[in-house]
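Down below is the structure, laid out as structure tokens.
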Amino acid sequence: CGAEQLLCLIIDEAYSHRQHQSNSCQFVSLVPSDHNLARERKKPSINMAQQLTMDMKKQVENAPPSAGGERKVTRLGDWVAPSQPRVSEGYAKLGDEGEGTEVLSMIKDACVARFPVLSWLPKYRWKQDFFYDFVGGATIALICLVQTLAHAAIATTDVIQGPYCAFVPPFVYAMLGTSPHASISSGAIAAILIADQLQYFHDIQERTQLACFLGLISGLWLVVMGLCKAAYLVRFLSQSLISGFVTGGSVLILEGQLKNLLGLTEMRHGVGFLDTASALYDALPTTNYVGLALGLTMMGVLQLMMWIKKWTAAELAKKGPHPGWMKPVKIISEMKELVLVALSITFAYFTMRPDGTPILPLVGDIPAGLPPFQPAYDLPASREMLETHFRLEEFIMGGFLVALTSFLTTYATSKKQALHHGYQIDASQEMFALGMAGTCGSFFGSFPPSGSLSRTSLASEVGVKTQMSGLMKIVVVGTSLQFFTPVLYYLPKATLAAIILRSTWSLVDFKTARELWEAWKPSRLGGMKRDCLVWWISFLLTIFLGVLYGIGSAVLFSLLMIVRDAAMPRMVVLGHLESLGNIWRDVEVWSEGRTFPGILVAEFRGPLSFASADWFCQELERLRLTSTNQVEIVVLSFGSVHDLDKTAIEMLRELFGEWRKRGVSCIVAEAKSRVRLLLEQYFAKPDKKNKAPLLDQPAFMITIDDAVQLAKRTLARRGREISYYTSRDDTFDVRAGPSRGSQGWRGSNTNLAAIARKEIKEDAAAGSPQPDNSRAMSQV
């Protein structure tokens, strides 16, 4: 039996060697069980190797073609049928043909990744998906027509530039984007930034042309960042920063749209919050009260339709059955802007004076037809800026800010739908797609495009399936621009102002400011002072200095706080809390935490590198020198330290060396991975001069409890009076034996109390004084 087992092992090794060379078979276990060997001994004698070879050959020959990779159980062992061609079938020759195929496959994958339309269009299910994509795309396109008119008014450009933004950019994004639900055209937040960059130019045609140029600049920024996979840059825009800037920008929008709501046709152009407020005050006598009444009425209708939308959504979310009219009513309430435009156009048309003049300010003539092709850099206003360099640097930086903000808005809305529907989107490809949409759109009269949360959510609700819905927008928007722009002549400006004012009011986020103000307390107590400061810096500077300075200052402040955290992490003293399960917590917060005379337990809560090394040394010495009792042993918790660099190691070597001269020892606890390996390498071994290690501890994979017990044992050897506490009993005597709570430390398999008893006995035999624990026990 032993000879047969040995023979099986030899055959196993031989087949394993063959498998490594040819991958023809994969053996799992060829050593037979005792039961199988007993059955084999009852049969006529046969060569074990021959039997094994015959069985394996028969199994391979009889295996069906689809059996590749399946586990086969034979009488002698388990094996896995080959999932690759056998040696007899031959290998593909390595040469130009194989390398060429591999290169072509890599090129194909790269093209599909960069142009996702090559992936979904050949597999498009026309019968199942086209109807939903067409209806959904047409519905969203109609909403885009009205919303883009309002966003163009926010951006202070010609209103026709809004629909232009819903023509080419959605088509380009449909070719390059990875989200089937993203609705790309204009956006309120992007319009705020555009208006901020254009406030220094008084002529509306000049502002319209420069908005195209800004679209080119921001699009190129996004293309470059997308190719460089720099989508992580949006992480520097915190939630507090975005909330403050959006709130400040919303206040600017509300102030700017009062001109259209009041019908102030003779109002001068203001620059900045205070100048615009002064211009509004001066033009108040020329208020058009008909336009004001219409605007307020439209705001009321808009609010009513928003309530209907909320109510129908809540009813449809309940268990059915539901009335047949409820879902159409919800869809109509989603298209509330289109309903308002239809009502106001009808009102303006039937209230015209006999001489054909309107009784309230209207949008007026809008050029009919599709947008003409003209490079954005070749427009008169763009050429003048390039030649004179007037505000060119601010424009370039403003384009970068518009790019980041528009991408953040688009990606956040798309990511939400991707999580809801269970598909993935590529952040870098989304950045590239949005950049190409803005770049191409700038050649057709568009300003920087952006996503929209409301339209993206609506795309999911109306059943959009693929990016084909973006192609459908071109048909609807192009038809509207070609044939229906004369109807927009009768659109009152007060209606646009009502739509903007009501939608912008939802962007005002003073709730976040209130929550942050209520949390105004130190961070160690759960406060958020920093976020509160970021919000108010972003809000106030956006209002009084502009969006660029508001966001830039808030980002700079946030980065400085991050650098401060890296350079000055907190160093805290830990105390023991037996009532909470023997845990260690900051004594500044948990004043009932117990400390031990002669032992300082400190935790460094941050990275230990060249930036924080000096701060670490300074804070640790401050805690040691200001302790109420003389510190003889310092227990350092490195659980929050994830790395050490050369500067930190040299600082620790110098610090530990000075402590040794003063009779202060150090024990490091909870060091993990790389930090533990570096400590063992540099501080747990004798140096070149054979001096004793700076950290004399038997193990480094120890907890704070273990380190404190080790410190107490060290103090006991020095003759100090100390109570040897364990995790459950703090009164046990080292001479009486270990208590039930004594658990040793991880990595040593040795009980610390036993070590203490042994070393005290050795010291007693050598004539050293022994500690008296009666005082410690009486204190307990």
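The values are calculated or read from the model by the stated rules, or taken from the named source; none is laboratory data. Here the structure is a predicted model, which is why all the values come from computation and not from measurement. Backbone-built Cβ (ideal geometry, glycine too); neighbour counts: all protein chains shown. The accessibility values were calculated without ligands, DNA or RNA, using every heavy atom of the protein model including side chains. Shrake-Rupley method; radii C 1.70, N 1.55, O 1.52, S 1.80 Å.
Just for the range 420-466: of the residues that are among the acidic types (Asp, Glu) and surrounded by fewer than 23 Cβ atoms within 10 Å (Cβ to Cβ), which one is farthest from Ser333 (Cα to Cα)?
Of everything passing the filter in the range 420-466, Asp426 is farthest from Ser333 (Cα to Cα).
In the range 425-443 there is at least one residue matching the filter, namely being within 17 Å of the chain's Cα centre (by Cα) and not in a helix (DSSP H, G or I).
Among residues of the range 266-280 that are without any contact (Cβ under 8 Å) to a residue 40 or more places away in the chain and small (Gly, Ala, Ser), those with a beta-carbon under 8 Å from a residue that is buried (at least 18 other Cβ atoms within 10 Å of the Cβ) and not in a helix (DSSP H, G or I) at least six positions away or on a different chain give the pairs Ala277/Gly270; Ser278/Gly270; Ala279/Met267; Ala279/Gly270.
Here Leu264 clears all of (1) of a type in the set (A, V, I, L, M); (2) open to solvent by less than 10 Å² (accessible area, probe 1.4 Å); (3) assigned to a helix (DSSP H, G or I); (4) farther than 30 Å from Asp378 by Cα except the condition numbered (3). Residues in the range 503-544 that are of a type in the set (A, V, I, L, M), in a helix (DSSP H, G or I) and surrounded by fewer than 16 Cβ atoms within 10 Å (Cβ to Cβ): how many? Looking only at that region, the number is 2.
Could you tell me whether the range 476-490 includes any residue that is under 30 Å from Phe115 (Cβ atoms) and part of a loop (DSSP other than H, G, I, E, B)?
Scanning the range 476-490, I find no residue that is under 30 Å from Phe115 (Cβ atoms) and part of a loop (DSSP other than H, G, I, E, B), so the answer is no.
Selection of the range 634-663 for residues being in a helix (DSSP H, G or I) and polar (S, T, N, Q) yields only Thr647. The sole residue among Lys712, Lys691 that is part of a loop (DSSP other than H, G, I, E, B) and of a type in the set (Lys, Arg) is Lys691.
Taking the range 230-248 as the search range and keeping residues that are farther than 11 Å from Ala427 by Cβ and not in a helix (DSSP H, G or I), which one is most open to solvent (accessible area, probe 1.4 Å)?
Taking the candidates together, the pick is Ser238.
Applying a threshold of 7 Å to beta carbon distances and a minimum spacing of six or more residues, or different chains, the list of pairs starting in the range 324-348 at a residue that is more than 11 Å from Val146 (Cβ to Cβ) and ending at one that is acidic (Asp, Glu) reads Met326/Glu315. Evaluate the following for Thr312: is it among the hydroxyl-bearing types (Ser, Thr, Tyr), assigned to a helix (DSSP H, G or I) and free of Cβ contacts under 8 Å to residues at least 24 places away in the same chain? Spelling it out, Thr312 is indeed among the hydroxyl-bearing types (Ser, Thr, Tyr), assigned to a helix (DSSP H, G or I) and free of Cβ contacts under 8 Å to residues at least 24 places away in the same chain. Check the range 267-275 and report whether any residue there is of a type in the set (D, E, K, R), surrounded by 22 or more Cβ atoms within 10 Å (Cβ to Cβ) and modelled with pLDDT of 85 or more. No, the range 267-275 contains no residue that is of a type in the set (D, E, K, R), surrounded by 22 or more Cβ atoms within 10 Å (Cβ to Cβ) and modelled with pLDDT of 85 or more. Just one of the listed residues (Thr542, Thr595) is modelled with pLDDT of 85 or more, of a type in the set (Val, Ile, Thr) and under 29 Å from Val641 (Cα atoms), and it is Thr595. When we screen Leu193, Leu227, Leu198 for residues that are open to solvent by 20 Å² or more (accessible area, probe 1.4 Å) and of a type in the set (A, V, I, L, M, F, W, C), the only hit is Leu227.
Going residue by residue through the range 617-633, is there one that turns out to be surrounded by 15 or more Cβ atoms within 10 Å (Cβ to Cβ), assigned to a strand (DSSP E or B) and either modelled with pLDDT of 90 or more or of a type in the set (S, T, N, Q) (or both)? For the range 617-633, residues surrounded by 15 or more Cβ atoms within 10 Å (Cβ to Cβ), assigned to a strand (DSSP E or B) and either modelled with pLDDT of 90 or more or of a type in the set (S, T, N, Q) (or both): present. The sole residue among Cys617, Cys666 that is in contact with a strand residue (DSSP E or B) (Cβ under 8 Å, 6 or more places away or on another chain), without any contact (Cβ under 8 Å) to a residue 40 or more places away in the chain and within 27 Å of Pro698 (Cβ to Cβ) is Cys666.
Okay, residues lined up against (1) open to solvent by 50 Å² or more (accessible area, probe 1.4 Å); (2) within 33 Å of the chain's Cα centre (by Cα); (3) modelled with pLDDT of 90 or more:
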| residue | (1), (2), (3) |
| --- | --- |
| Val589 | yes, yes, no |
| Val601 | no, no, yes |
| Ala613 | no, yes, yes |
| Phe656 | no, no, yes |
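Quickly run through the range 399-419 and pick out the residues that are small (Gly, Ala, Ser) and closer than 16 Å to Phe447 by Cβ. Result: Gly399, Ala403, Ser406. Need at least 2 residues that are touching a helix residue (DSSP H, G or I) at 6+ places or on another chain (Cβ under 9 Å) and of a type in the set (Asp, Glu) per element, so show me which helices (runs of 4 or more DSSP H) inside the range 119-194 make the cut, counting only ones lying wholly within it. By residue number, 126-154. Looking only at the range 697-719, residues that are open to solvent by 80 Å² or more (accessible area, probe 1.4 Å) and either hydrophobic (A, V, I, L, M, F, W, C) or under 43 Å from the mean Cα position of the chain (by Cα) (or both) come to 2 in all. Among the residues of the range 370-416, the ones that are surrounded by fewer than 14 Cβ atoms within 10 Å (Cβ to Cβ) and of a type in the set (Lys, Arg) come to 1 in all. Scanning the range 279-293 for residues that are within 14 Å of Ala348 (Cβ to Cβ) and either open to solvent by less than 20 Å² (accessible area, probe 1.4 Å) or of a type outside the set (A, V, I, L, M, F, W, C) (or both) yields Asn288, Gly291.
Can you work out which of the residues in the range 432-466 that are of a type in the set (Val, Ile, Thr) and in contact with a Gly (Cβ under 8 Å, 6 or more places away or on another chain) is modelled with the highest pLDDT?
It comes out as Thr439.
The residues on offer are Phe656, Phe638, Phe683, and the sole one that is more than 24 Å from Ala566 (Cα to Cα) and touching a strand residue (DSSP E or B) at 6+ places or on another chain (Cβ under 9 Å) is Phe683.
Is it the case that some residue within the range 494-502 is surrounded by 14 or more Cβ atoms within 10 Å (Cβ to Cβ) and not in a helix (DSSP H, G or I)?
no
I'd like the residue in the range 147-176 that is surrounded by fewer than 24 Cβ atoms within 10 Å (Cβ to Cβ) and over 14 Å from Gly478 (Cβ atoms) and, out of all such residues, is nearest to the chain's Cα centre (by Cα). So the residue we want is Leu176.
For the residues Trp325, Trp307, the requirement of being among the aromatic types (Phe, Trp, Tyr) and within 35 Å of the chain's Cα centre (by Cα) singles out Trp307.
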